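The values are calculated or read from the model by the stated rules, or taken from the named source; none is laboratory data. For clarity, every value in this text was computed on a predicted model and none was experimentally measured. Heads up, the Cβs are rebuilt from the backbone with ideal geometry, glycines too, and the neighbour counts pull from every protein chain shown. Ligands, DNA and RNA are excluded from the accessible area calculation, which covers all protein heavy atoms including side chains. Shrake-Rupley method; radii C 1.70, N 1.55, O 1.52, S 1.80 Å.
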Amino acid sequence: MGMGGARNGLRRTMGYEGSLDEEYMRLALREAALALAEDEVPAGAAILRNGEVLALAHNQVRATGNPTAHGEMLAIAAAAARTGDWRLNGCTLYSTKEPCPMCAGACVMARLDRVVYGIADPAMGCLGGGPCALSQIPQFNHRFSVRGGVLAGDCLALLRDFFLAKRKKNRSRPPDSKELHKASFLAIDRGAKIIFL
């Protein structure tokens, strides 16, 4: 294991891009399942370059008490440590959920070539599915391509199950607005756009 629980060092075979995106998103989904088992928000990330897995990580905010311990942040740090370079040129980040402002900003700063995510987050996503697209701001010195909706149903199912279980566990007390926001994931189309009730 690397920094913050990130794993690295796998090697995968290549195929066509759509199939590869699904294959690599399954790595991020496995990480999200680990987060779920640890009672963390089930979001996972994988970083690859030319078919080589540089880092795997999942949310560890609760375990570390660190609000920046999102899977994407841990994976970026681990990939930079592994390559010996903070510039992750030629790399793709796979994330089960659209990156938040912090993680999307880290993608810009790390010079990633591409980000692929599972479900959009219209409330906090910052790669086009939410309030902004940090990947395409013309004034920034780096932009990257983004693909959303890869294995969206599987990614959504983990998040939905996590928040529904939390709501059920806490049924004895009324949920606060933050819990209601998170517990109300609904898939509204095959592109896995989500709404919050």
Hey, can you grab everything whose amide H is under 5 Å from the amide H of Val116? Only 5+ residues off in sequence or another chain; H modelled, so Pro and N-termini drop out. Leu93, Tyr94, Ser95, Arg147
Obtain the nm distance between the two label points defined at Glu38 and Arg62 by a simple spin-label model: each point lies 7 Å from its Cα along the Cα-to-C-beta direction. 1.1
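Magnitude of the Cβ-charge dipole of the range 54-139, K/R +1 and D/E -1, about the Cα centre, nearest 20 debye? Display every interim value, and only then the final one.
Details: 6 positive and 5 negative charges, 27 e Å.
Dipole about the Cα centre, nearest 20: 140 debye.
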Please list, ordered by chain and number, the residues whose modelled amide H lies under 5 Å from the amide H of Arg111; skip anything fewer than 5 residues away on the same chain. Leu88
Sorted by accessible area (1.4 Å probe), largest first, how do Asp121, Asp113 line up? Asp113, Asp121
Could you derive backbone 3J(HN,Hα) for the range 36-53 from the dihedral phi with the Karplus parameters 6.51, -1.76 and 1.60 (θ = phi - 60°), listing whole Hz in sequence and x where the residue is Gly or Pro? 4, 5, 9, 6, 9, 4, x, 10, x, 9, 9, 10, 10, 9, 6, x, 9, 7
Within 10 Å, Cβ to Cβ, of Lys97, how many net charges do the neighbouring residues add up to if Lys/Arg are +1 and Asp/Glu are -1? -3
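Which net charge results when you count Lys and Arg as +1 and Asp and Glu as -1 among the other residues whose beta-carbon is under 14 Å from that of Glu72? Write down the numbers at each step before the final one.
Working: positive: Lys97, Arg114; negative: Glu31, Glu40, Glu98, Asp121.
With Lys, Arg at +1 and Asp, Glu at -1, the net is -2.
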